[in-house]
Amino acid sequence: MKILSINAGSSSLKFTLFELPKTDAIASGVFEKIGLKDSFYTIKYDGEKTRKEVYLKDHSVAVECLMKDLVDMHIVSSLAEIEGVGHRILHGGAEFTKPVVLSEDVIERISKYNELGPLHNPANLLGVKAFMKALPGVINVGVFDTGFHQTMDEEHFLYPVPYEWYTNYGVRKYGFHGTSHRFVYGEICKKLENEELKVITCHIGNGASLCAIDEGKVIDTSMGFTPLAGVMMGTRCGDIDPSILEYVCNKTGKTISEVTNDLNKKSGFLGISEISSDARDVENAAMEGNKMAILAENMYAQKIANYIAVYNNMLNGADAIVFTAGVGENSARMRKMVIDRVKSLGVKLDDNLNNVRGEYQKISSEDSTIAVYVLPTNEELLIAQDTLQLKREMGD
Ligand code: AMP
């Protein structure tokens, strides 16, 4: 059964086509600079990458191009083969705890959360509308980044601020990267043939978050009301003293929005290293002895290690620590730096096993108190699988 998995951004649209239950993608691609004169798209299929420069006025035009090329490139013999479309949606508030079949009515309900994810949610919904138009009658399913985390208890998702901020304005921890944490947790449970594991999942990419999961229930996660919270990231600061905001506004004459933008876009690896937000660039500079790159790496590793220690405590002893996403899957060096900083827990890596990139592997030593794994994430696949499952449940 062919299912499309979609991630629509404000000026981009990524797609992956699966033929479930096979887990390898048949085709994938990205439409970029939607709405701009120099828009283009690339499609990967059958070992080849095709690039086309076409003016993509809006998301609907991008989806029309995709539909045409899927047929013209013989990726599908007709559009009727596409039996479902799954969409990544950033924010479903506390209301959308699970994937949902999308209708005009449901889209309206999701739009209520646009103000909590203003950069992503409206764009995600533009993608949904474009596919509803292009493939009428085909099921569209929304899978929320926030969904998995909604099993958190109040004592973990509330901030110690006036309670009415929560009741009146929804100020609480929502958590993000939920689809990735859920995928990785599900996979490690399958691999270890145990559904009751206590796992610390470390999604460490350009954005980064950790999650403490016990028997499929999220106990806590490091991102918060927005994806700015938690560990330091490529360009985001992670947890800082909130008083810095007013102080820097007063010192610089910048508005709250401008300083918040600095915390989102000019901080983290980029802010400290002043070299790059990209972990590879910082790693290369650190290996050449650049002091600020070394400092940035040390700060990053320490902050991740601190969350691991706290989550191990919350889980009353984790069964496994799993590294995923760009840095987590690929950087043996960063994994080692992190695990070296949780030595007091008795966690140890096997350096030979840790020398792995982008594939599932146990990387801890035999005498490690907690088993450590690398496990590649695949949010696109989980979105497609969720779509198929809902399609079946609906008897569609
Ligand atoms: P993601 O957001 O999951 O796509 O991850 C992107 C991040 O992963 C970037 O900071 C990349 O520099 C980093 N990354 C990818 N490959 C490597 C690698 N081989 N070593 C270190 N970092 C990597």
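The values are calculated or read from the model by the stated rules, or taken from the named source; none is laboratory data. Since this is a predicted model, take the numbers as computed values, not measurements. Note that each Cβ is placed from the backbone with ideal geometry, even for glycine, and that neighbours are counted across all protein chains shown. We work out accessible area using only protein heavy atoms, side chains counted, and drop any ligands, DNA or RNA first. Shrake-Rupley method; radii C 1.70, N 1.55, O 1.52, S 1.80 Å.
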### Task
Using amide H atoms built 1.01 Å from N in the peptide plane, name the residues 5+ places from residue 371, or on other chains, whose amide H lies under 5 Å from its own.
321
### Query
With θ set to phi - 60° and the Karplus curve 6.51 cos²θ - 1.76 cosθ + 1.60, what are the ³J(HN,Hα) couplings of region 207-215 in order, to the nearest whole Hz, using x for Gly and Pro?
x, 9, 8, 10, 9, 9, 10, 10, 6
### Query
With all protein chains present and a 1.4 Å probe, how do 167, 377 order by accessible area, largest first?
167, 377
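Please identify the trypsin sites (Lys or Arg not before Pro) of region 193-257 that satisfy two criteria: DSSP loop assignment and at most 11 other Cβ atoms within 10 Å. Which are they?
When the trypsin sites (Lys or Arg not before Pro) of region 193-257 are filtered for loop state and at most 11 Cβ neighbours within 10 Å, nothing remains.
Using 0.36 nm times the number of residues separating residue 164 and residue 79, minus their current alpha carbon distance, what extension gain do you get? Mind showing how you got there, number by number?
Details: separation 85, 0.36 × 85 = 30.60 nm, distance 4.98 nm.
Answer, rounded to one decimal: 25.6 nm.
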### Message
Under 5 Å between amide hydrogens, which residues at least 5 positions from residue 223 or on another chain qualify, with H placed 1.01 Å from N in the peptide plane?
### Response
176, 210
### Task
Quick one: P(r) of region 163-214 from all Cα-Cα pairs, 10 Å bins, percents rounded to integers, in order of increasing distance.
23, 39, 25, 12, 2
### Task
Report ³J(HN,Hα) in whole Hz for each residue of region 150-159, in order, from the Karplus equation J = 6.51 cos²θ - 1.76 cosθ + 1.60 where θ = phi - 60°; Gly and Pro get x.
6, 8, 4, 7, 3, 5, 9, 8, 7, 9
#### Entry: Calculated FRET value between residue 280 and residue 115, using beta carbons and R₀ = 41 Å, to 0.05
0.70
### Query
Remind me, relative contact order of region 171-244 in percent, using alpha carbon pairs under 8 angstrom and six or more residues apart?
28 percent
#### Entry: Amide H partners (placed H, <5 Å) of residue 89, local residues excluded
143, 144, 145
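Can you give the calculated 222 nm mean residue ellipticity of the chain, where each DSSP H run of n ≥ 4 adds -39,500 (n - 2.57) and the sum is split over every residue, rounded to the nearest 500 deg cm²/dmol? Don't skip to the end; give the middle numbers.
On the way: 15 runs with 155 residues, N = 396.
Using -39500 (n - 2.57) per qualifying helix, the result is -11500 deg cm²/dmol.
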### Summary
Cβ-Cβ cut-off under 12 Å around residue 19, Lys and Arg +1, Asp and Glu -1: the net charge is -1
### Summary
Mean projected area (nm²) from the convex hull of Cα positions in region 245-396 is 13.5 nm²
#### Entry: Sequence of 233, 394, 299 when ordered by accessible area, the most exposed leading, probe 1.4 angstrom
394, 299, 233
### Summary
Whole-Hz Karplus couplings 3J(HN,Hα) for region 297-302, θ = phi - 60° and coefficients 6.51, -1.76, 1.60, Gly and Pro as x, run 5, 5, 5, 4, 4, 5
### Query
When N is the residue count of the chain, what does its C-alpha Rg come to as a fraction of 2.2 N^0.38 Å?
1.00
### Query
Which Rg and Dmax, in Å, describe the Cα atoms of region 194-248?
13.8, 49
